[in-house]
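Novice: Sending over a structure as structure tokens; questions will come in a sec.
The values are calculated or read from the model by the stated rules, or taken from the named source; none is laboratory data. Just so you know, these numbers come straight off a predicted model, no measurement behind them. Positions of Cβ are generated from backbone atoms using ideal geometry, with glycine treated the same way; all protein chains shown enter the neighbour counts.
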Amino acid sequence: MNPLLLTALLVALISTACLAGASAARKAGRESRMTAGKAGSMDRDEIYRMLSRVEKMEEPELVMGAMCYEPVAMPAVAEYLCPVCGEKTVYDTSDDAFYTITGLFETRALFAVLDSVSTLDMALDESSLCSACRSDSTTEPALVLRVTWDDGRTHSSPVTAEDLRMLTGFMSGRLDYVSVNDGTFPLRQNLDRIREILGMDPEGGAPCSDGGCGASCPGGGCR
Ligand SMILES: [Zn+2]
């Protein structure tokens, strides 16, 4: 097999110059934190308020992170060991899920951080990555973020590590988020993606289709 196929660019900070840049990026991120801070109980109305806050406030400057990379040899296959049933599912480099599995350790850690800064009921659903637990053979293996709202309704969306970084910034009350290489990116440009992941109505109304929320929907009622 062509060894080039086994090689991918992964993030690796390899010089003190990079580390200095990363530190500056972190400092800039702290300075653009909103004073309102973390929300208390995050129901839909609170999320709508947070979305509109990010939309209205001045966008912080984008800070590029360290650009020092080093090629890291990738394995030929990635094995997913299911924590629920113990089954092993093997993916090779031609599978999209290969990169999900090789980055799973980091993604789980990112989710733990997200969960710790938010009072929203969220779960990272790995079940489609396991061939035995996957309910439907046509389901694409992916990491899925499941949100359970205070009224019991749920919304599920496939997510990447970058999505979780974005959500962590948003749920922390920031106007930006820390990227994979310690840069900071404004959240405003990603509000559509955040709405999509959380199942929020892009027009600002409540994310319900059956009118079950009555007249309490902000910004124009149910759709
Ligand atoms: Zn399983």
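Novice: Take the residues in segment 176-219 that are at pLDDT 85 or above and acidic (D, E), then tell me which one is nearest to S52 (Cα to Cα). Steps first, answer last, please.
Specialist: Initial filter on segment 176-219 (at pLDDT 85 or above): 176-200.
Imposing the further condition that a residue be acidic (D, E) reduces the set to 176, 182, 192, 196.
On the way: D176: 14, D182: 26, D192: 12, E196: 15 Å.
This residue is D192.
Novice: Now for a separate question. Return the residues of segment 114-158 that are small (G, A, S) and touching a strand residue (DSSP E or B) at 6+ places or on another chain (Cβ under 6 Å); say none if nothing qualifies.
Specialist: Here is the first cut: in segment 114-158, the ones small (G, A, S) are 116, 118, 123, 127-128, 131-132, 135, 137, 142, 152, 156-157.
Result: A123, S131, A142, S156, S157.
Novice: Okay, next question. Identify the residue in segment 162-176 that is free of Cβ contacts under 8 Å to residues at least 40 places away in the same chain and surrounded by fewer than 24 Cβ atoms within 10 Å (Cβ to Cβ) and, among all such residues, is farthest from V147 (Cα to Cα).
Specialist: Across segment 162-176, the extreme among qualifying residues is E162.
Novice: Right, something else. Which residue pairs have Cβ atoms under 7 Å apart, sit 6 or more places apart or on different chains, and have a first residue in segment 110-139 that is within 21 Å of A97 (Cβ to Cβ) and a second that is within 10 Å of the ligand (Cβ to nearest atom) and in a strand (DSSP E or B)?
Specialist: That search, which allows pairs on different chains as well, returns L129/Y80; L129/T89; C130/Y80; C130/T89; S131/T89.
Novice: Return the total of residues in segment 58-89 being more than 23 Å from D182 (Cβ to Cβ) and part of a loop (DSSP other than H, G, I, E, B). Can you show your working first?
Specialist: Within segment 58-89, the first condition is being more than 23 Å from D182 (Cβ to Cβ), and the residues that meet it are 73, 75-89.
Retained after the next criterion (residues that are part of a loop (DSSP other than H, G, I, E, B)): 75-76, 82-87.
Final tally of qualifying residues: 8.
Novice: OK, next. With the requirement that a residue be basic (K, R) and closer than 20 Å to G103 by Cα, what does segment 140-160 give you? Walk me through how you get there before you give the answer.
Specialist: The initial filter retains those residues of segment 140-160 that are basic (K, R), namely 146, 153.
Across segment 140-160, the qualifying residue is only R146.
Novice: Working only within segment 148-186, note down all residues that are of a type in the set (F, W, Y) and more than 15 Å from the chain's Cα centre (by Cα). Walk me through how you get there before you give the answer.
Specialist: Let us first name the residues in segment 148-186 that are of a type in the set (F, W, Y), namely 149, 170, 177, 185.
Correct list: W149 only.
Novice: Inspect segment 51-73 for any residue being within 26 Å of G152 (Cβ to Cβ) and either more than 16 Å from the ligand (Cβ to nearest atom) or in contact with a strand residue (DSSP E or B) (Cβ under 7 Å, 6 or more places away or on another chain) (or both) and give the result as yes or no. Lay out the reasoning, then the answer.
Specialist: Residues of segment 51-73 within 26 Å of G152 (Cβ to Cβ): 51-52.
Within this subset, residues satisfying the condition of being either more than 16 Å from the ligand (Cβ to nearest atom) or in contact with a strand residue (DSSP E or B) (Cβ under 7 Å, 6 or more places away or on another chain) (or both) are 51-52.
Yes: segment 51-73 contains one or more residues that are within 26 Å of G152 (Cβ to Cβ) and either more than 16 Å from the ligand (Cβ to nearest atom) or in contact with a strand residue (DSSP E or B) (Cβ under 7 Å, 6 or more places away or on another chain) (or both).
Novice: Which condition from (1) over 30 Å from R188 (Cα atoms); (2) more than 15 Å from the ligand (Cβ to nearest atom) is the one that Y91 breaks?
Specialist: (2)
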